[in-house]
Amino acid sequence: QVQLVESGGDLVQVGGSLRLSCAASGSIFTINYMGWYRQAPEKQRELVATITSGGTTNYADTVKGRFTISRDNEKNTVLLQMTSLKPEDTSDYYCNAGIRRSGSTSVYRYWGHGTQVTVPS
(Lines give C-alpha, C1' and ligand atoms only; values in the text may rest on other atoms or scores of the structure.)
Protein backbone atom coordinates (compact mmCIF):
# COMPACT_ATOMS: atom_id res chain seq x y z
CA GLN A 1 0.00 0.00 0.00
CA VAL A 2 0.97 3.62 -0.51
CA GLN A 3 0.07 6.50 1.75
CA LEU A 4 0.37 10.25 1.46
CA VAL A 5 0.29 12.14 4.74
CA GLU A 6 0.08 15.91 4.87
CA SER A 7 0.99 18.19 7.75
CA GLY A 8 1.48 21.86 8.47
CA GLY A 9 -2.00 23.29 8.07
CA ASP A 10 -2.90 26.02 10.54
CA LEU A 11 -4.66 29.31 11.10
CA VAL A 12 -2.46 32.19 9.98
CA GLN A 13 -3.05 35.91 9.68
CA VAL A 14 -3.26 37.78 6.39
CA GLY A 15 0.21 38.32 4.99
CA GLY A 16 1.65 35.46 6.98
CA SER A 17 3.52 32.37 5.89
CA LEU A 18 3.01 28.66 6.27
CA ARG A 19 4.77 25.54 5.08
CA LEU A 20 2.91 22.37 4.18
CA SER A 21 4.62 19.01 4.02
CA CYS A 22 3.57 15.72 2.47
CA ALA A 23 5.35 12.41 2.92
CA ALA A 24 4.76 9.37 0.74
CA SER A 25 5.35 5.94 2.22
CA GLY A 26 4.78 2.30 1.39
CA SER A 27 5.82 0.04 -1.46
CA ILE A 28 7.11 2.82 -3.70
CA PHE A 29 9.29 2.15 -6.72
CA THR A 30 9.28 5.64 -8.19
CA ILE A 31 7.31 8.87 -7.84
CA ASN A 32 6.72 10.66 -11.13
CA TYR A 33 5.04 13.88 -10.10
CA MET A 34 3.96 15.37 -6.80
CA GLY A 35 1.71 18.29 -6.20
CA TRP A 36 -0.79 20.20 -4.15
CA TYR A 37 -4.45 20.87 -4.77
CA ARG A 38 -6.93 22.75 -2.65
CA GLN A 39 -10.64 22.76 -2.15
CA ALA A 40 -12.63 25.47 -0.41
CA PRO A 41 -16.15 24.83 0.92
CA GLU A 42 -18.68 24.45 -1.91
CA LYS A 43 -15.98 24.87 -4.55
CA GLN A 44 -14.24 22.44 -6.87
CA ARG A 45 -10.82 21.11 -6.11
CA GLU A 46 -8.20 23.15 -7.93
CA LEU A 47 -4.55 22.81 -8.78
CA VAL A 48 -2.13 24.79 -6.66
CA ALA A 49 1.28 23.56 -7.81
CA THR A 50 3.03 20.50 -9.18
CA ILE A 51 6.61 19.35 -9.49
CA THR A 52 8.09 16.57 -11.59
CA SER A 53 10.83 14.19 -10.54
CA GLY A 54 13.23 16.37 -12.51
CA GLY A 55 12.18 19.50 -10.67
CA THR A 56 9.97 21.17 -13.28
CA THR A 57 7.30 23.19 -11.52
CA ASN A 58 3.88 24.48 -12.46
CA TYR A 59 1.76 26.94 -10.48
CA ALA A 60 -1.78 28.22 -10.55
CA ASP A 61 -1.85 31.88 -11.56
CA THR A 62 -3.44 32.74 -8.22
CA VAL A 63 -0.38 31.60 -6.27
CA LYS A 64 2.50 32.47 -8.60
CA GLY A 65 5.12 34.53 -6.84
CA ARG A 66 3.72 33.67 -3.41
CA PHE A 67 3.95 29.87 -3.16
CA THR A 68 6.96 27.66 -3.80
CA ILE A 69 6.82 23.90 -4.29
CA SER A 70 9.84 21.69 -3.72
CA ARG A 71 10.53 18.01 -3.22
CA ASP A 72 13.08 15.70 -1.70
CA ASN A 73 13.26 12.63 -3.91
CA GLU A 74 15.27 10.64 -1.38
CA LYS A 75 12.72 11.23 1.36
CA ASN A 76 9.67 11.03 -0.93
CA THR A 77 8.39 14.34 0.38
CA VAL A 78 6.96 17.45 -1.20
CA LEU A 79 6.77 20.86 0.45
CA LEU A 80 4.65 23.90 -0.24
CA GLN A 81 6.02 27.15 1.13
CA MET A 82 3.23 29.70 1.21
CA THR A 83 3.85 33.40 1.75
CA SER A 84 1.76 36.57 1.61
CA LEU A 85 -1.30 34.52 2.48
CA LYS A 86 -4.73 35.91 1.67
CA PRO A 87 -8.21 35.02 2.93
CA GLU A 88 -8.93 33.44 -0.45
CA ASP A 89 -6.16 30.92 0.23
CA THR A 90 -8.37 29.41 2.93
CA SER A 91 -8.94 25.80 1.89
CA ASP A 92 -8.26 22.18 2.60
CA TYR A 93 -4.96 21.39 0.89
CA TYR A 94 -4.42 17.95 -0.59
CA CYS A 95 -1.21 16.25 -1.57
CA ASN A 96 -1.23 14.37 -4.86
CA ALA A 97 1.34 12.07 -6.44
CA GLY A 98 1.78 9.77 -9.41
CA ILE A 99 3.45 6.67 -8.00
CA ARG A 100 4.70 3.44 -9.46
CA ARG A 101 4.55 0.77 -6.80
CA SER A 102 7.18 -1.88 -6.35
CA GLY A 103 6.42 -4.82 -8.62
CA SER A 104 4.09 -2.80 -10.82
CA THR A 105 4.60 -1.29 -14.25
CA SER A 106 1.72 1.18 -13.94
CA VAL A 107 1.64 4.64 -12.39
CA TYR A 108 -1.31 5.34 -10.12
CA ARG A 109 -2.56 8.61 -8.73
CA TYR A 110 -2.72 8.89 -4.97
CA TRP A 111 -4.25 11.51 -2.69
CA GLY A 112 -3.66 12.48 0.91
CA HIS A 113 -6.48 13.20 3.33
CA GLY A 114 -5.87 16.93 3.42
CA THR A 115 -4.69 19.60 5.82
CA GLN A 116 -6.62 22.75 6.60
CA VAL A 117 -5.32 26.25 6.02
CA THR A 118 -7.32 29.17 7.36
CA VAL A 119 -6.55 32.82 6.71
CA PRO A 120 -9.16 34.99 8.44
CA SER A 121 -10.15 38.23 6.77
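For the reader, a short list of remarks on this structure follows.
- Accessible surface of the chain, 1.4 Å probe: 45 percent of it comes from carbon and sulfur atoms.
- For Gly9, residues with placed amide H under 5 Å, excluding near neighbours: Gln116
- For the range 80-88, Karplus couplings with θ = phi - 60° (6.51, -1.76, 1.60), whole Hz, Gly/Pro x: 10, 8, 10, 10, 6, 5, 10, x, 6
- Cross-link reach list, lysines versus Lys86, counting only Cα pairs under 27 Å and skipping chain neighbours closer than eight places: Lys43, Lys64
- For the range 6-60, alpha-carbon Rg and Dmax in angstrom: 13.6, 40
- Accessible surface of Lys64 - all protein chains present, 1.4 Å probe, nearest 10 Å²: 120 Å²
- Residues of the chain: accessible area per residue with a 1.4 Å probe, Å²: 55 Å²
- The orientation-averaged shadow of the Cα convex hull for the chain, equal to a quarter of the hull surface, comes to 7.2 nm².
The values are calculated or read from the model by the stated rules, or taken from the named source; none is laboratory data. Worth saying up front: this structure is predicted, and the values here are computed from it rather than measured. Only protein heavy atoms, including side chains, enter the accessible area calculation; ligands, DNA and RNA are left aside. Shrake-Rupley method; radii C 1.70, N 1.55, O 1.52, S 1.80 Å.
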